[in-house]
1. Of 62, 95, which residue is out of contact with any strand residue (DSSP E or B) (no Cβ under 6 Å at 6 or more places or on another chain), within 26 Å of residue 15 (Cβ to Cβ), in contact (Cβ under 8 Å) with a residue 24 or more places away in the chain and in the same structural domain as residue 20 (by TED's automatic domain parsing)?
2. Consider residue 164 carefully, then state whether it is outside the structural domain of residue 27 (by TED's automatic domain parsing), surrounded by fewer than 17 Cβ atoms within 10 Å (Cβ to Cβ) and either at positive phi or out of contact with any helix residue (DSSP H, G or I) (no Cβ under 9 Å at 6 or more places or on another chain) (or both).
3. Can you pull out the residues in segment 193-202 that are under 24 Å from the mean Cα position of the chain (by Cα) and under 21 Å from residue 151 (Cα atoms)?
4. Looking at (1) closer than 30 Å to residue 77 by Cβ; (2) loosely packed, with under 12 Cβ neighbours inside 10 Å, can you tell me which one residue 197 breaks?
5. Restricting the search to segment 88-104, which residues are loosely packed, with under 13 Cβ neighbours inside 10 Å and part of a helix (DSSP H, G or I)?
6. When residues of segment 30-47 are filtered for being touching a residue at least 40 places away in the same chain (Cβ under 8 Å) and assigned to a strand (DSSP E or B), how many remain?
7. I'd like the residue in segment 204-220 that is surrounded by 15 or more Cβ atoms within 10 Å (Cβ to Cβ) and over 21 Å from residue 177 (Cα atoms) and, out of all such residues, is farthest from the chain's Cα centre (by Cα).
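The values are calculated or read from the model by the stated rules, or taken from the named source; none is laboratory data. What you are looking at is a predicted structure, and each value in this text was computed from that prediction instead of being measured. When we count neighbours, we look across all protein chains shown, and the Cβ atoms used for this are built from the backbone with ideal geometry, even at glycine.
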């Protein structure tokens with residue numbers, strides 16, 4: 001499942017938007033027609049749709065209507081059709097927002113981020129190319145699922161939830177393994193090593209998972 005499905009027949013515009021959204025940490029799929037978009041949604045699904053209106057084949061209004069018949073995922077229409085009637089039509093068909101082309105990319109990103117924060121932040125955490133789904137208990141990096149044990153996932157989640165905070169080793173250990181655990185404190189060091197091997201480009205020179213000597217660890 002992609003975070004965002006972009007439906008845009010102009011590949012140059014579509015690829016540019018993909019680049020901006022990927023830089024913000026989202027996984028993206030670009031469909032160049034309404035038919036392709038609906039096919040992708042039925043197979044894979046998405047968490048948000050950015051939808052152009054003027055498409056080859058079925059237009060964006062028909063796509064919006066069809067999507068709304070099947071599910072309630074957020075839809076943002078982006079279109080050069082700027083008449084009041086077009087905007088009303090899109091909103092009445094179930095779009096959550098309607099943005100005129102040409103648009104300011106920062107405005108679109110703010111709207112996308114706002115939707116994800118309101119609807120998904122309770123279950124999805126995104127940090128660059130790293131994404132954690134708390135409900136499914138799955139971590140992804142650059143859209144690739146990371147194989148993790150339960151404890152590795154719990155440790156990564158705890159560190160991400162306390163980003164930029166230096167956490168003491170004893171506090172982390174008690175949070176993950178519990179006060180009454182028979183595990184040794186060295187277990188934490190080993191799990192940090194395993195996490196670095198999965199999320200760091202160079203595990204021996206970590207950028208995200210920093211050691212604060214004599215204290216503990218910090219997620220950057």
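1. Just one listed residue meets the conditions, 62.
2. Yes, satisfied.
3. 194, 195, 196, 197, 198, 199, 200
4. (1)
5. 88, 92
6. The total comes to 2.
7. Only one residue fits best here, namely 206.
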